[in-house]
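Before any comments, here is the structure.
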Ligand SMILES: [Mn+2]
């Protein structure tokens, strides 16, 4: 089996991690546990992202351990041993010998994990593990007095993507972009949201990829539910459909949203809102500059959205009042744009590193190699009783989301091959029939 990265890239990550840990430290990273779907059927397995990051192990059992008790870093991978009876049912395992080609110093059977780990723990002064991934490891560690979470050290590393990681993220964004385009081409009034979902996810699968999160396909006012997931309604003629979907390449996620008229023609009110969201999205992308404060893209997006709502007569106040508190930006524009303007993207779709507004650990400024989404939206939920919804825009939900790489030469839109101009969308929708 080929690993996504050269051994040296993994060992370099391990070394950079240990350079930040005190002597006599040990780190224990289990992969995710299998989760039962029903009776003896498991959910499709997804390896833990920290495991993928540190050593690339993607089988459904395994623990990565590393320590610096001697002069060098010793890394150990505990894996399921070969077992013919199990392999007849579940497939051939890599095994302890096979795992020697992974970027670790030693491999062991996971059956010896507990005895081996207790020996190493005795000689360790600092124990690092991520709680909540594996119950058995949490149990082994529960009597240790001082235990630290390594995520505040690893997450800032994961935030900056290497050239190979960027290559996978570009592939992921390109497949995601083409899947959206394919779904636009194959859209027609009266179609089920599930049929559009099938176009998108079928495209992922056909590209030997898979979704990075369950696809959101909301027709009409279902688009005003931010994480709508039932995808079981028909999209009526005259309605927009909002599709928020992304795929994975070597574990790296894309996350793209497009909103298009199912008939192929925007109505005037739909066009007014779409143009405003698109203007905000383009300005948000342009704000992704090296050295810019992390919050600046949200500020730029918010100002355009708030001013646009005033210009359309939806808000009757001055810009300052529409934006609310100067740092919180919590004014009445938030009635129609209630989420953040973007988040980091990587091995996790909402990637680590404090990439959502207000998260602790968010970086002060954007740096070259960061990948984030820009995704403004406007939602006029006709089902809401708590705010007044302008009649002209009632039932409209629009979000536009791209994946953006920050570079010293400015922002690079990884999902740039996904159509978003009104004229492009109007010419593409339904053209596959
Ligand atoms: Mn997103």
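Just so it is clear, none of the values below were taken in a lab; they were calculated from the coordinates. Values in this document were obtained by computation on a predicted structure and should not be read as measured data. No Cβ is skipped: glycine too gets one built from the backbone with ideal geometry, and neighbour counts run over all protein chains shown.
Tell me, what is the percent relative contact order of the stretch 7-158, built from C-alpha pairs under 8 Å that lie six or more residues apart? Before the final figure, lay out the partial values.
On the way: 238 pairs, mean separation 38.6, N = 152.
Relative contact order here is 25 percent.
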Between the stretch 21-63 and the stretch 83-106, the Cα center-to-center distance that results, in Å
15
Potential lengthening between residue 88 and residue 24 on full extension [0.36 nm per residue; Cα-Cα distance subtracted]:
18.9 nm
Could you give the nm distance between label points at residue 185 and residue 226, where each point is 7 Å from its Cα heading toward the beta carbon?
3.4
Residue 382 and residue 431 label points (each 7 Å along its Cα→Cβ direction) are spaced in nm at 3.0
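Out of all DSSP beta bridges in the chain, what portion is antiparallel? Express it as a percent rounded to 5. Could the numbers behind the result be given before it?
Values: 41 of 51 bridges.
Beta bridges within the chain, antiparallel portion: roughly 80 percent.
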Mind pulling the angle between the C-alpha long axis of helix 296-311 and the longest principal axis of the chain? Nearest 10 degrees, somewhere in 0 to 90.
20
When the Cα centres of the stretch 168-207 and the stretch 369-433 are compared, how far apart do they sit, in Å?
15
With angles folded into 0 to 90 degrees, how steeply does helix 113-122 sit against the dominant principal axis of the chain? Use alpha carbons for both and round to 10.
80
Once label points are set 7 Å from the Cα along Cα→Cβ at both residue 392 and residue 146, what is their separation, rounded to one decimal in nm?
6.4
Highest first, please rank the peptides 56-65, 163-172 by the mean number of other Cβ atoms sitting within 10 Å of their residues.
56-65, 163-172
How much of the DSSP bridge set in the stretch 7-158 is antiparallel, in percent, rounded to the nearest 5?
55
Under 8 Å for C-alpha pairs, at least 6 residues apart: give me the relative contact order for the stretch 1-75, rounded to a whole percent.
36
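Can you tell me the order of 231-243, 5-17 when each peptide is scored by its average per-residue count of other Cβ atoms within 10 angstrom, highest first? List each step's numbers first, then the result.
Values: 231-243: 19.4, 5-17: 16.1.
The packing order, highest mean first, is 231-243, 5-17.
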Angle, helix 193-206 long axis vs. longest principal axis of the chain, Cα atoms, 0 to 90°, nearest 10?
40
Calculate the FRET efficiency for residue 318 and residue 15 from the Cβ-Cβ distance with a Förster distance of 45 Å, rounded to the nearest 0.05.
0.25
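Let me check against my output: what whole-number percent is the relative contact order of the stretch 163-428, with C-alpha pairs under 8 Å and at least 6 apart?
Once normalised by length, the contact order is 23 percent.
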